[in-house]
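The values are calculated or read from the model by the stated rules, or taken from the named source; none is laboratory data. None of these values were measured; they are calculated from a predicted model. So basically every Cβ, Gly included, is an ideal-geometry build from the backbone, and we count neighbours across all protein chains shown. Please note that ligands, DNA and RNA were not included when accessible areas were found on the heavy atoms of the full protein model with its side chains. Shrake-Rupley method; radii C 1.70, N 1.55, O 1.52, S 1.80 Å.
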Amino acid sequence: MKVKDLLKIKGYTVTTIGPNETTHAAIQKLVENNIGALPVCDTKGTMLGIVSERDLLRVCSQRSRAIDSIKVKDAMTKNIAIGIPEDDLDYVMHIMTQKGIRHLPIMDGPKLAGILSMRDIVEAQLEESKAQVRFLGDYISGGYV
């Protein structure tokens, strides 16, 4: 399965945040949307980085009293890994595991096309495996001629 196939199922909507919004605003967006990371985009939609739960916890542990004044750009990860719609899920899972990340922005050229979590990928691969097991079971039992 390719990333583009999973994005068709999951959807292309991505909640983002601006670099000058506060870390408190980022936490609120994560909680309101039940997500674990926010791509950080400028007003033109160009992705500048990503801010994750882990990034925000790091800032909170270091400067908890300043959470209302710390800007997202000061907490975000700037050196980000990305995927493209044509990538295989096995490949993006390998990249995410290798880099120790749980969220991967998907870029279609300069445009943010979506974001995948490790959970999204695991669930898709589990469904694909279930379908293969059923097909093979039917084949072995003579269900297909």
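Quick notes on this structure:
- Ellipticity estimate at 222 nm from DSSP helix runs (n ≥ 4, -39,500 (n - 2.57)) divided over the chain, nearest 500: -14000 deg cm²/dmol
- Rounded to 5, the percent of DSSP beta bridges in the chain classed as antiparallel: 90
- Rolling a 1.4 Å probe over the protein heavy atoms gives the chain an accessible area of 63 Å² per residue.
- Residue ranges 7-20, 46-59, 115-128 sort as 46-59, 115-128, 7-20 when ordered by packing (mean number of other C-beta atoms within 10 Å per residue, highest first).
- Surface composition of the chain: carbon and sulfur atoms hold 53% of the protein heavy-atom accessible area at a 1.4 Å probe.
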